[in-house]
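**Student:** Starting off with a structure, shown below.
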Amino acid sequence: MTVPFLDLASAYRELAPELDAAYRRVMDSARYILGGEVSRFETEFAAFCGVAHCVGVGNGLDALHLILRAYGIGAGDEVIVPSNTFVATWLAVTHSGATPVPVEPDPATYNIDPGRIEAAVTPRTKAIVPVHLYGQPADMDPILAIAEAHGLKVVEDAAQAHGAYYGDRLAGGLGHAAAFSFYPGKNLGALGDGGCVVTDDAVLAARVRELSNYGSTRKYHHETVGFNTRLDELQAAFLRVKLARCHEWNDRRRAIAGRYRVLLAEADLVLPEVIDRAVPVWHLFVVRVRQRERVERFLADRGITTLTHYPVPPSRSGAYAAMGIAAGTLPIAESLSHEVLSLPIGPHLPIDGVERVCEALLEALARDHVPG
Ligand SMILES: *Cc1c(COP(=O)(O)O)cnc(C)c1O
């Protein structure tokens, strides 16, 4: 028995009749761009998040980028981002023309440390982009308080957190606007690329919609220099099927995370911590181990696939070499990047698969143990 990292084939099989029907519906309609499926999905996903507006776009990176642009953020501005995140969070800021200003995470939750944000605020700061990393909401209350005090926008990067709760609100409804990705591996995944912006701000939603569609609100009338980044009908039709299962599939991920916690409670590794107000959706179940490469190889030899999110922080990547952020400047992000190990998790991972992973992991850690 092998344990894949994420079993997308089983995800399709479970929903095949409905997904195939959705495909037929779009083929029969012969509407492929900005038709009824997209607008119905937008209504349904806004309701899911508990916000007024949703605008489908081409992917999560574009969703973040268009929010920043729509707020008028650009050259000369600064945007606070986590030092440890997927590179897209930083790229969105860079594409807007603004400068990403990294803030280190709380090493227990991996999310941006609110206690370190204020020191990074300057007269040029326009926004904070907290990431709900691995599916756990960032600690939003203190972040919103800092934003309020300095007149900043809070833009959630919710690409890993569809359906996650912070208090009684869902990710996407916690800041001024939020970006989601529907990349196939996300908790709500399309069968191709997709993304959206959600917000209660009608003006922002209208600006994002215009920017995403050639800067146009009326066909062939272009009031602003826009882009072409839209959610397509086929993906919207698939997403409507999968949205109806999102909470249930997140529950299955929570059951797996719970099992990992029990079986690994005594293991020589660091388990993720959850803050009081958060109910994560476990997009990833990330532990920290010493000698990660040896542990990964040991698991791979037993047919278990693990991944690393992420092996290189944006500040140490070639894309940001020109910023000249020296090694050691962001020590928490850097040390996490050497230790984090993502274990298999997903709605189609059976519990005996979880047990297999833990058995092998405990054996690997016992072998790797270096006294002292
Ligand atoms: C996936 C992801 C994105 C980008 O989404 P795409 O749809 O792949 O462009 C942005 N931020 C985070 C944290 C992500 O995990």
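**Student:** Explain nothing, just the number: dipole magnitude of the range 30-155 about its Cα centre with +1 on each Lys and Arg Cβ and -1 on each Asp and Glu Cβ, in debye rounded to the nearest 20.
**Tutor:** Here the range 30-155 has a charge dipole of around 420 debye.
**Student:** Pull up all non-local amide H partners of THR217: gap of 5 or more, or a different chain, and H-to-H distance under 5 Å with H placed in the peptide plane.
**Tutor:** GLU223
**Student:** Okay, next question. For the chain, with all protein chains present and a 1.4 Å probe, just round the carbon and sulfur fraction of the accessible area to a whole percent.
**Tutor:** For the chain, the apolar C and S fraction of the accessible surface comes to 54 percent.
**Student:** Could you give the size of the charge dipole of the range 205-347 about its Cα centre, using +1 on the Cβ of each K and R and -1 on the Cβ of each D and E, expressed in debye and rounded to the nearest 20?
**Tutor:** Taking the Cα centre of the range 205-347 as origin, the dipole is about 400 debye.
**Student:** Compute the Rg/Rh shape ratio of the range 198-285: radius of gyration over Kirkwood radius, all on alpha-carbon atoms.
**Tutor:** 1.21
**Student:** Okay, moving on. So, for the range 40-138, what is the accessible surface per residue at a probe of 1.4 Å, expressed in square angstrom?
**Tutor:** Computed with neighbouring chains in place, this is 30 Å² per residue.
**Student:** How far apart, in nm, are two points set 7 Å out from the Cα along the Cα-to-Cβ line at TYR12 and at LEU271?
**Tutor:** According to this spin-label approximation, the distance is 3.6 nm.
**Student:** Please state the relative contact order of the range 214-348 as a whole percent: Cα pairs under 8 Å, 6+ residues apart?
**Tutor:** Once divided by the residue count of the range 214-348, the mean separation gives 27 percent.
**Student:** Quick check on the chain: of the DSSP beta bridges with both residues there, what percent are antiparallel, nearest 5%?
**Tutor:** Once the DSSP bridges in the chain are tallied, antiparallel ones form about 60 percent.
**Student:** Given a Förster radius of 41 Å and the C-beta distance between ALA244 and ALA326 as r, what FRET efficiency does 1/(1 + (r/R0)^6) yield to the nearest 0.05?
**Tutor:** That gives a FRET efficiency of 0.25.
**Student:** At 0.36 nm per residue, minus the direct Cα-Cα distance, what do HIS221 and ARG124 gain on full extension? Give it in nm, one decimal, please.
**Tutor:** Full extension from HIS221 to ARG124 adds 31.6 nm.
**Student:** What distance in nm separates the simple spin-label points at ARG169 and GLU148, each placed 7 Å from Cα in the Cβ direction?
**Tutor:** It works out to 1.0 nm between the two label points.
**Student:** So, by mean Cβ neighbours within 10 angstrom, what's the order for 163-172, 61-70, 192-201, 12-21 with the highest one leading?
**Tutor:** The most tightly packed comes first, giving 61-70, 192-201, 163-172, 12-21.
**Student:** On a straight-distance basis, which lysines could pair with LYS126 in a cross-link, Cα separation under 30 angstrom, same-chain partners fewer than 8 positions away excluded?
**Tutor:** List returned: LYS153, LYS186.
**Student:** Taking the square root of 5 times each eigenvalue of the Cα gyration tensor, what semi-axes in Å does the equivalent ellipsoid of the chain have, largest first?
**Tutor:** Taking √(5λ) for each eigenvalue gives 33, 27, 17 Å, largest first.
**Student:** Helix-only mean residue ellipticity at 222 nm, the chain, DSSP H runs n ≥ 4 weighted -39,500 (n - 2.57), per residue, nearest 500. What is it?
**Tutor:** So the calculated ellipticity at 222 nm is -12500 deg cm²/dmol.
**Student:** Report the charge-dipole magnitude of the chain in Debye, nearest 20, computed about the Cα centre from +1 at each Lys and Arg Cβ and -1 at each Asp and Glu Cβ.
**Tutor:** Magnitude of the dipole: close to 680 debye.
**Student:** I'd like the Karplus ³J(HN,Hα) series for the range 38-44: coefficients 6.51, -1.76, 1.60, θ = phi - 60°, whole numbers in Hz, and an x wherever there's a Gly or Pro.
**Tutor:** 5, 5, 5, 4, 4, 5, 5
**Student:** I've got another one for you. Chymotrypsin sites (Phe, Trp or Tyr not before Pro) within the range 27-58: which are DSSP loop residues with at most 12 other Cβ atoms inside 10 Å?
**Tutor:** TYR32
**Student:** Further question: Quick one: grab the alpha carbon gyration tensor of the range 28-170, order the square roots of its eigenvalues as a ≥ b ≥ c, and give me rounded if a/c is under 1.5, else prolate or oblate depending on whether a/b is larger than b/c.
**Tutor:** prolate
**Student:** Ok, one more. Just name one of ALA147, ALA205, HIS283: the one whose Cα is farthest towards the positive end of the charge dipole of the range 139-291 (beta-carbon charges, Lys/Arg +1, Asp/Glu -1).
**Tutor:** Towards the positive end, the residue furthest out is HIS283.
**Student:** Could you tell me whether the range 117-240 comes out rounded, prolate or oblate from its Cα gyration tensor? Rule is a ≥ b ≥ c as square roots of the eigenvalues, rounded for a/c under 1.5, then prolate if a/b exceeds b/c, otherwise oblate.
**Tutor:** oblate
**Student:** Which loop chymotrypsin sites (Phe, Trp or Tyr not before Pro) in the range 212-245, with loop taken from DSSP, have no more than 11 other Cβ atoms within 10 angstrom of their Cβ?
**Tutor:** Hits after loop and neighbour filter: TYR220.
**Student:** Let me ask another. Relative contact order (percent) for the chain, with alpha-carbon contacts under 8 angstrom and 6 or more residues of separation?
**Tutor:** Here the relative contact order equals 22 percent.
The values are calculated or read from the model by the stated rules, or taken from the named source; none is laboratory data. Everything numeric in this text was worked out from a predicted model, so none of it was measured. No Cβ is skipped: glycine too gets one built from the backbone with ideal geometry, and neighbour counts run over all protein chains shown. Keep in mind that these areas ignore ligands, DNA and RNA; they rest on the heavy atoms of the full protein, side chains included. Shrake-Rupley method; radii C 1.70, N 1.55, O 1.52, S 1.80 Å.
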